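FYI, it's all coordinate maths here, none of it is from the lab. Just so it is clear, the structure is predicted and the values come from calculations on it, not from any experiment. Counting neighbours? That spans all protein chains shown, and the Cβs are built from the backbone with ideal geometry, glycine included.
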Amino acid sequence: MKKAGFDILIVGIGGQGTILASNILGEACLIEKRHVQGAETHGMAQRGGSVESHIRIDGKYGPLIAQGTADLLISFDLLEALRYSHYLKQDGTIVTNSHLVLPTSVFMQNLEAPREDAIIGSLKKHRLCLLDAEQIARDAGNPLSVNVVMLGAASRLMPLKPESLLEAVRRSVPKKTIDVNVKAFEAGQAAGNTCT
């Protein structure tokens, strides 16, 4: 039996804009008059902890995505992609920033840092779109727009129209940053189109 709706999990570290990204997706759903449910969980987000946002488009049940059922995982950090990859269904897709932010515990306890190539190898059991969202955001004019770049990169995988997503960006970001965020979204779209 095919599950109803489309489930997107957005993950990152406190301060990376996961909540704004989920608000943009919610706004796009409202523009298209689609049913949407969402929930966020924060783990000491203000101190670099993990943040996850669940977005359920046209779903029938509660706002939280069950493990093994997400259609799409958008991650603003490579390690967070690995941490939450068990939420994806077998044929799900990961769109992730290629940067790795190491938790302070690695430094405080002199632990061995995880290797990027090992993380990427583990993620390849799913469809994987890996991009340097930080560089794309800088090139677009604002290094803080990584979250919008990631939405653009993942946009072709979502059941939402690109024009609805762009309008949601315009409505959701501060007015003085609209132009740079539109540019970031479009640059992310172009980067996402190169993913297989």
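Numbers below:
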| read-out | value |
| --- | --- |
| Amide H within-cut-off set for residue 75, under 5 Å, with H built and near neighbours excluded | 11, 95, 96, 97 |
| Beta bridges by DSSP in the chain, antiparallel share as percent, to the nearest 5 | 50 |
| Amide H contacts under 5 Å for residue 70, placed H, 5+ residues apart | 88, 89 |
| Total charge dipole magnitude, segment 6-192, about the Cα centre, Cβ charges on Lys, Arg, Asp, Glu only, Debye to nearest 20 | 320 |
| DSSP-loop chymotrypsin sites (Phe, Trp or Tyr not before Pro) across segment 65-100, with at most 14 other Cβ within 10 angstrom | none |
| Relative contact order (percent, whole number), segment 6-192, Cα cutoff 8 Å, 6+ residue spacing | 22 |
| For segment 72-80, 3J(HN,Hα) per residue [Karplus equation, 6.51 cos²θ - 1.76 cosθ + 1.60, θ = phi - 60°, Hz, x = Gly/Pro] | 9, 10, 10, 10, 8, 8, 4, 5, 5 |
| Value of [θ]222 nm, deg cm²/dmol, for the chain, DSSP H segments ≥ 4, -39500 (n - 2.57) each, nearest 500 | -11500 deg cm²/dmol |
| Translational diffusion coefficient (Stokes-Einstein; Kirkwood radius from C-alpha pairs) of the chain at 37 °C, 0.692 mPa s, in µm²/s | 197 |
| Positive-pole candidate from 13, 172, 85, dipole of segment 6-192, charges at beta carbon | 172 |
